[in-house]
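*Asks:* The structure is given below, and queries will be raised subsequently.
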Amino acid sequence: MIRKILIIIKRMLIGIGVLLGVVLITTTIFIYSSPEFGGKASKEEKELYSNSNNYKEGKFINRGNVEMSMDFNKFVKSLVGYFKPSPKTRPSEDITVEKIDSLSIVNYNDSTRLVWFGHSTFLLQMNGKNILIDPMFGDVPAPNPILGSNRFSRELPIQIEKLPIIDAVILSHDHYDHLDYGSILKLKDKVGHFYTPLGVGVHLQEWGVSPERITELDWWQESNFDDLIFRCTPAQHFSGRGINDRGNTLWASWIIQSTTENIFFSGDSGYGSHFKEIGNKYGPFDFAMMECGQYNEMWKEIHMMPEETAQAAIDIKANRIMPIHWGAFKLAMHSWTDPVERILKKANELNVSVIVPRIGESISLEQQDYTTTDWWDKFN
C-alpha cells in the first residue's frame, strides 16, 4: 500500500516537473522569438552608455541608487491584490471619449493645444507641428493580451491609422504602457523623428525605424527640433520589457520649449529632489503633465502618490498641471478614480491649479478659465 502511494507521488512529481519544464521552455521561446520584447544594445552602444553618469556596471540607475523595494512577500501581496476582484479598479462601463478627426488635426493652425488619449499618451500641436508623447494606442499594456487587462474605453479619440503625418514622437521609457510595439509599427512610416532616453532607440531599430530618425539623449541633454527645444530630464523609475533586461535602457521626463511656452512631461517617476532641480533650472512651466496613478506604498519609490504629485507641481514651478497615468488601464490595486480625487483634494490645499479634461478633449494652453467637471463620476 505504502509502495503504491510512493509510486503515485513520484508520478505526480514527475508530471509537475514536466509541466514546469514545458512552461519554462514555452516562456523562453516566447521571450526570445517575440518582437514585442524589442532589441538589445550592441557592444558599441553599451560603450557609449558608459559615458553616462547614470550607467554603472552595465545598467542604468537612479540618482542615489534608489530602487523599488520589492521582496518576495511584497511581490506575492501585490500579485494577489492585482488579481483580486474589485468593482472599483475599473469603471462600471466603458468610458466614452470625445472624437477628433484627421482634418481637424491637419487644418489646426492656432495656439498650442493638447489632446489626451488616456494614461500618458498625448497629441501636442505646437508651432505648427504634430508631436506624439508616449503613443500607447494598444488595447492591453503587455506583450500578450492574456497578460494584461483591457483599456477602459472601447474607442480612442482617433484611430492610429487615421492620424496625419506626425513630426516627432517623444518617448519616456520602454515599459509596455508607454512604448507599444503595435503602435510603433503603425506609426513608424508617418513619423519624422523619434526622441528617446539612452538605449530606447534599440527597440525602435528592431522594429524597423532607421537610426538616422532616432535621437537618444541622456539626462540634462537637449536637442533642437526646428524652432522647438526638447530637453531630456531626470525621473526616478526603472526600465525593462523582459525577464532579465531591467535597467538596460534609461527612463526620463521631458521639457518641450518654444520661444513663448514651456511644457513639462513627467514620464513615470517616484517623488524625489530631481523635481526641484528641474524647476530651479528650467522652470517655471506654463503646463505640466504629471504622473498620478498606478501607485502603491509598496512601490512608491518609482510611482508618486497623488499628494506627492501635487507637491512635485510646486517643486517644478508649474502654473497649471494635469494628472496623467490614469483613466485607461488597471496596473495597480487602487480604485480607478482614486488618483484624480486625491490630487484634486491636495492641490486645493496647496493652491495648485489642476485641470482634468475628458479623454479626447482639446486643451488650449491659452485658455485660462478652464473648469474641471467630475466627468468620471458618470462611470463609477
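*Asks:* Give me, ordered by chain and number, the residues 5 or more places off Ile95 or on other chains with an amide H under 5 Å from its own placed amide H.
*Replies:* Residues meeting the criterion, in which the H sits 1.01 Å from N, are Ser153, Arg154.
*Asks:* Still on this model: If we count every other residue with Cβ under 12 angstrom of Asn280's Cβ, Lys/Arg +1 and Asp/Glu -1, where does the sum land? List each step's numbers first, then the result.
*Replies:* Details: positive: Lys276, Lys281, Lys317; negative: Glu277, Asp315.
Residues close to Asn280 contribute a combined charge of +1.
*Asks:* Binning at 5 Å from 0, report for the range 173-227 what percent of all alpha-carbon pair distances ends up in each bin.
*Replies:* Going from the shortest bin to the longest, the percentages are 4, 18, 31, 26, 15, 6, 0.
*Asks:* OK, next. Any idea what Rg and Dmax come out to for the range 132-183 if you just take the C-alpha atoms, in Å?
*Replies:* Spelled out, the Cα radius of gyration and Dmax of the range 132-183 are 11.4, 34 Å.
*Asks:* Testing the spin-label approximation: label points 7 Å from Cα along Cα→Cβ at Gln159 and Lys59. State their distance in nm.
*Replies:* So the label points at Gln159 and Lys59 sit 4.3 nm apart.
*Asks:* Moving on to the next point. Within the chain, which complete DSSP H helices have Cα atoms spanning at least 15 Å along the helix axis and a mean Kyte-Doolittle hydropathy of 1.6 or higher?
*Replies:* Working: long enough: 2-33 (46 Å, 1.85); 72-83 (17 Å, 0.57); 338-350 (18 Å, -0.75).
Both cut-offs are met by 2-33.
*Asks:* Further, regarding this structure: Does a label point 7 Å from the Cα of Ser364, set along Cα-to-beta-carbon, have any residues of the range 119-161 with amide nitrogen under 16 Å, and which are they?
*Replies:* Under 16 Å, as judged by backbone N against the label point of Ser364, lie 125-128 of the range 119-161.
*Asks:* Moving on. From the alpha carbon gyration tensor of the range 161-276, can you work out the equivalent ellipsoid semi-axes (sqrt of 5 times each eigenvalue) and give them in Å, largest to smallest?
*Replies:* Values: eigenvalues 89, 80, 28 Å².
Working through the eigenvalues yields semi-axes of 21, 20, 12 Å.
*Asks:* Among all the aspartates and glutamates, which ones have a C-alpha under 14 Å from Lys190's C-alpha, if same-chain residues fewer than 8 places away are not counted?
*Replies:* Partners within reach: Glu161, Asp167.
*Asks:* May I ask which residue of Pro145, Ile170, Ser210 lies farthest towards the positive end of the charge dipole of the chain, with charges of +1 (Lys, Arg) and -1 (Asp, Glu) on Cβ and the Cα centre as origin?
*Replies:* Farthest towards the positive end: Pro145.
*Asks:* Then there is this: Nearest-5 percent of antiparallel DSSP beta bridges in the range 163-274? Each step should come with its number before you reach the end.
*Replies:* Values: 13 of 21 bridges.
Of the beta bridges lying entirely in the range 163-274, close to 60 percent run antiparallel.
*Asks:* Also, I was wondering about something else. Over 31 Å between Cα atoms, which of Lys59/Lys345; Lys300/Lys345; Lys59/Lys188 qualify?
*Replies:* On the way: Lys59/Lys345 38 Å; Lys300/Lys345 19 Å; Lys59/Lys188 28 Å.
Pairs exceeding the cut-off: Lys59/Lys345.
*Asks:* Sticking with this one: Rounded to a whole number, what % of the accessible area of the chain do carbon and sulfur atoms account for, probe 1.4 Å? Present the calculation step by step, with values, prior to reporting the outcome.
*Replies:* On the way: 9620 of 17890 Å².
Using a 1.4 Å probe with all protein chains present, the chain comes out at 54 percent carbon and sulfur.
*Asks:* Can you give me the three principal axis dimensions of the range 117-212 from its C-alpha atoms, in Å, biggest first?
*Replies:* Result, largest extent first: 35, 28, 20 Å.
*Asks:* Multiply the residue separation of Arg246 and Leu185 by 0.36 nm, subtract the distance between their alpha-carbon atoms, and state the gained length in nm to one decimal.
*Replies:* On the way: separation 61, 0.36 × 61 = 21.96 nm, distance 2.35 nm.
Net length gain for the segment: 19.6 nm.
*Asks:* Here is a follow-up. Once you have the Cα-Cα distance between Trp375 and Asp226, take 0.36 nm times their residue separation minus that, and quote the gain in nm to one decimal.
*Replies:* 49.9 nm
*Asks:* If you don't mind, another one. What is the packing order of peptides 119-130, 140-151, taking the mean over residues of other C-beta atoms within 10 Å and listing the highest first? Mind showing how you got there, number by number?
*Replies:* Working: 119-130: 20.4, 140-151: 15.8.
Highest-to-lowest ranking by the protection proxy: 119-130, 140-151.
*Asks:* Also: Taking square-rooted eigenvalues a ≥ b ≥ c of the alpha carbon gyration tensor, is the chain rounded, prolate or oblate, where a/c under 1.5 means rounded and, failing that, a/b exceeding b/c means prolate? Provide the component values of the computation, followed by the final result.
*Replies:* On the way: a/c = 1.65, a/b = 1.43, b/c = 1.16.
Cα axes put the chain in the prolate bin.
*Asks:* What is the distance in Å between the Cα centres of the range 126-172 and the range 209-260?
*Replies:* 18
*Asks:* Right, next: If you take all C-alpha pairs in the range 317-380, what percent of them are over 15 Å apart?
*Replies:* 54
*Asks:* Then there is this: For the ranges 289-297, 90-98, what's the packing order if you count other beta-carbon atoms within 10 Å of each residue, average per peptide, and put the highest first? Walk me through the intermediate numbers first.
*Replies:* On the way: 289-297: 23.6, 90-98: 15.7.
Most protected by this proxy first, the peptides run 289-297, 90-98.
*Asks:* Sequence neighbours fewer than 8 away in the same chain don't count; with that in mind, list the aspartates and glutamates whose C-alpha is under 15 Å from Lys346.
*Replies:* Here the aspartates and glutamates satisfying the reach criterion relative to Lys346 are Glu291, Glu307, Glu308, Asp315, Asp338.
*Asks:* Let me ask something else about it. If one puts a single equal scatterer on every Cα of the range 214-326 and applies the Debye formula without solvent, what log₁₀ I(q)/I(0) results at q = 0.18 Å⁻¹?
*Replies:* Listed by q, the Debye log ratios stand at -0.89.
*Asks:* Where both partners of a DSSP beta bridge lie in the chain, what percent of those bridges are antiparallel, to the nearest 5?
*Replies:* Details: 27 of 47 bridges.
Here the share of antiparallel DSSP bridges comes out near 55 percent.
The values are calculated or read from the model by the stated rules, or taken from the named source; none is laboratory data. Since the model is a prediction, treat every value here as computed from it, not as a measurement. Virtual Cβ from ideal backbone geometry, glycine too; neighbours counted across all protein chains shown. SASA here: full protein model, heavy atoms, side chains in, ligands and nucleic acids out. Shrake-Rupley method; radii C 1.70, N 1.55, O 1.52, S 1.80 Å.
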